[in-house]
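Enquirer: This structure is in structure tokens; I'll ask about it shortly.
The values are calculated or read from the model by the stated rules, or taken from the named source; none is laboratory data. Note that the structure is predicted; figures quoted are calculated from it, not measured. Cβ sites come from the backbone with ideal geometry, for glycine too, and all protein chains shown count toward neighbours. What goes into the accessible areas is simple: the full protein's heavy atoms, side chains included, and nothing from ligands, DNA or RNA. Shrake-Rupley method; radii C 1.70, N 1.55, O 1.52, S 1.80 Å.
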Amino acid sequence: MQQNIWFTPDGIEDLLPDAAKKLEFYRRQLLDQFELAGYDLVLPPLAEFTDSLLTGKGQHLAVDTCRFTDQESGKMMGVRADMTPQVARIAINRLKQSGIVRLCYVGEVLKTRNNKAKGSRSPIEIGAELFGHSGVESDIEVIELMLASLRSIGLSELTLSLGHVAIVDELMRLADLSKTQQQLLVDILLRKSLPEYQAFIGSLSVSAELEPFFDVLPSMCGDAKTVIEQMQSMKVLSEKMKTHLCYLEDVLQWFGEFTGLTIHVDLADLRGYQYHTGMIFSCYASGRKLYQLARGGRYDGIGSEFGTAQLATGFSLDLRGTLDLLALPEAQAKRVVFAPNQYDQALNDIIESLKQQNCVVKRMYQFEDCPEGGEYLTLNNGQWILQTKNSAA
């Protein structure tokens, strides 16, 4: 006899009952944490026109976006690969509120490619975004929320990694690098290729004043105290550089007071360079330094394609990918009662009463569906009563 086996695509998985219950428990924990911090929940659609999905800062998602033709309009649509651009569209184009807007979200996204190092192709993304403020205070608020959220789901010993993409931007501006040279340098730094970096810097005509800073840039990473000392000499390069470094120092000083938190700084970190404009941050679990729990950063200028450029900062995490690190929630055993599959108003009233008492009621199509020792409803002298099944029944 031929056996048919159904497979899901590589990198796209089912969540079976225990994992699904676990995910739903922690999803609720995180959303409650966001709500208590003043973030309102929004739920963008799974798919929308690529005209809005892949414009502006969303262009970097084009290669990861599954696209198809809408049979209603004939226009190209895409399944979201990231929810942040959608949330920005809602904040700018739909809500149109003045002042600070705080939004949170949760939903499944889909990526065209499977990157096993980064987890599933269909992550369940949950996060929070703050719009309408440019100062260090909003970055600190979002980072604090990221840390509080991770701790609320039982991840206590954390490593916070900080960077600032505008520092490298300013260094390249001062060196008067061409667009092509900038792209090459960014690509090399993203790949952390030190020999290639040294060869590239050697080929540039960099001034004697800037050359030492380019030489040490890749090594300006590590614990916060060490990097703070290293970067002091860079403040004299320009007022912009001083502003960026002082901004980073303010964040470091704030979180340096936190207990149970290790802080790592990398001035050459350009993750999300095409998207982020200032502070970038990510969080790792203690003992799992290669596993990124959450990430975020500042992305000012979002929404210019919708007519209003907005200040923005936020973070997100893949809840599906984090499940293995989370403890099983304490099982809250519920009473289970079996009921015959028949219509009777009195029976329905008892079933509803049991459900209101947080009791699980399962329909049984035959008496054998009720396990030995299980409770079941039976009609006795015109009244529905509860009995326990035993071998003598």
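Enquirer: Can you pull out the residues in the range 6-27 that are open to solvent by 100 Å² or more (accessible area, probe 1.4 Å) and within 17 Å of A327 (Cβ to Cβ)?
Expert: Within the range 6-27, D18, K21 qualify.
Enquirer: Are any of the residues in the range 44-52 closer than 28 Å to E141 by Cβ and touching a helix residue (DSSP H, G or I) at 6+ places or on another chain (Cβ under 7 Å)?
Expert: Within the range 44-52, one or more residues are closer than 28 Å to E141 by Cβ and touching a helix residue (DSSP H, G or I) at 6+ places or on another chain (Cβ under 7 Å).
Enquirer: Can you go through R80, R67 and tell me which one is touching a helix residue (DSSP H, G or I) at 6+ places or on another chain (Cβ under 8 Å) and free of Cβ contacts under 8 Å to residues at least 24 places away in the same chain?
Expert: None of the other options fit; the residue is R67.
Enquirer: Which of the residues that make up the range 239-248 are in contact with a helix residue (DSSP H, G or I) (Cβ under 7 Å, 6 or more places away or on another chain) and either over 21 Å from I280 (Cβ atoms) or without any contact (Cβ under 8 Å) to a residue 40 or more places away in the chain (or both)?
Expert: Of everything in the range 239-248, just one residue is in contact with a helix residue (DSSP H, G or I) (Cβ under 7 Å, 6 or more places away or on another chain) and either over 21 Å from I280 (Cβ atoms) or without any contact (Cβ under 8 Å) to a residue 40 or more places away in the chain (or both), namely K242.
Enquirer: Report, by residue number, each residue of the range 233-288 that is buried (at least 18 other Cβ atoms within 10 Å of the Cβ), more than 16 Å from G222 (Cβ to Cβ) and among the small types (G, A, S).
Expert: Residues satisfying the conditions are G272, G278, A285.
Enquirer: If you check every pair at least six apart or on different chains, which have Cβ atoms under 6 Å apart with a residue in the range 205-228 that is in contact (Cβ under 8 Å) with a residue 12 or more places away in the chain first and a residue that is among the acidic types (D, E) and outside any loop (DSSP other than H, G, I, E, B) second?
Expert: Correct list of pairs: C221/D266.
Enquirer: For T226, only one of the following conditions fails: (1) open to solvent by less than 30 Å² (accessible area, probe 1.4 Å); (2) β-branched (V, I, T); (3) over 30 Å from A327 (Cβ atoms). What is its number?
Expert: Among (1) open to solvent by less than 30 Å² (accessible area, probe 1.4 Å); (2) β-branched (V, I, T); (3) over 30 Å from A327 (Cβ atoms), the lone unmet condition for T226 is (1).
Enquirer: Of these, L130, L155, which one is outside any strand (DSSP E or B) and surrounded by 15 or more Cβ atoms within 10 Å (Cβ to Cβ)?
Expert: Just a single option satisfies the conditions, and that option is L155.
Enquirer: Report yes if V251 is touching a residue at least 24 places away in the same chain (Cβ under 8 Å), part of a helix (DSSP H, G or I) and either within 27 Å of V186 (Cα to Cα) or not aliphatic (A, V, I, L, M) (or both), otherwise no.
Expert: yes
Enquirer: Take the residues in the range 336-346 that are closer than 14 Å to Q387 by Cα and more than 42 Å from the chain's Cα centre (by Cα); name whichever of them is surrounded by the most Cβ atoms within 10 Å (Cβ to Cβ).
Expert: A339
Enquirer: Across the range 219-243, what is the total count of residues that are more than 8 Å from V265 (Cβ to Cβ) and in contact with an Asp or Glu (Cβ under 7 Å, 6 or more places away or on another chain)?
Expert: The total comes to 3.
Enquirer: Which of (1) in a helix (DSSP H, G or I); (2) under 28 Å from the mean Cα position of the chain (by Cα); (3) closer than 25 Å to E144 by Cβ does I188 not meet, given it meets every other one?
Expert: With (1) in a helix (DSSP H, G or I); (2) under 28 Å from the mean Cα position of the chain (by Cα); (3) closer than 25 Å to E144 by Cβ applied to I188, the lone miss is (3).
Enquirer: Any residue at all in the range 318-331 that's in contact (Cβ under 8 Å) with a residue 12 or more places away in the chain, out of contact with any helix residue (DSSP H, G or I) (no Cβ under 6 Å at 6 or more places or on another chain) and more than 29 Å from K22 (Cα to Cα)?
Expert: Checked the range 318-331: no residue is in contact (Cβ under 8 Å) with a residue 12 or more places away in the chain, out of contact with any helix residue (DSSP H, G or I) (no Cβ under 6 Å at 6 or more places or on another chain) and more than 29 Å from K22 (Cα to Cα).
Enquirer: Ok, one more. Can you name the condition, by its number, that V87 falls short on among (1) open to solvent by less than 50 Å² (accessible area, probe 1.4 Å); (2) out of contact with any Lys or Arg (no Cβ under 7 Å at 6 or more places or on another chain); (3) not in a helix (DSSP H, G or I)?
Expert: (3)
Enquirer: Got at least one residue in the range 105-112 being open to solvent by 40 Å² or more (accessible area, probe 1.4 Å) and either within 13 Å of the chain's Cα centre (by Cα) or under 20 Å from S282 (Cα atoms) (or both)?
Expert: So far as the range 105-112 goes, yes, one or more of its residues are open to solvent by 40 Å² or more (accessible area, probe 1.4 Å) and either within 13 Å of the chain's Cα centre (by Cα) or under 20 Å from S282 (Cα atoms) (or both).
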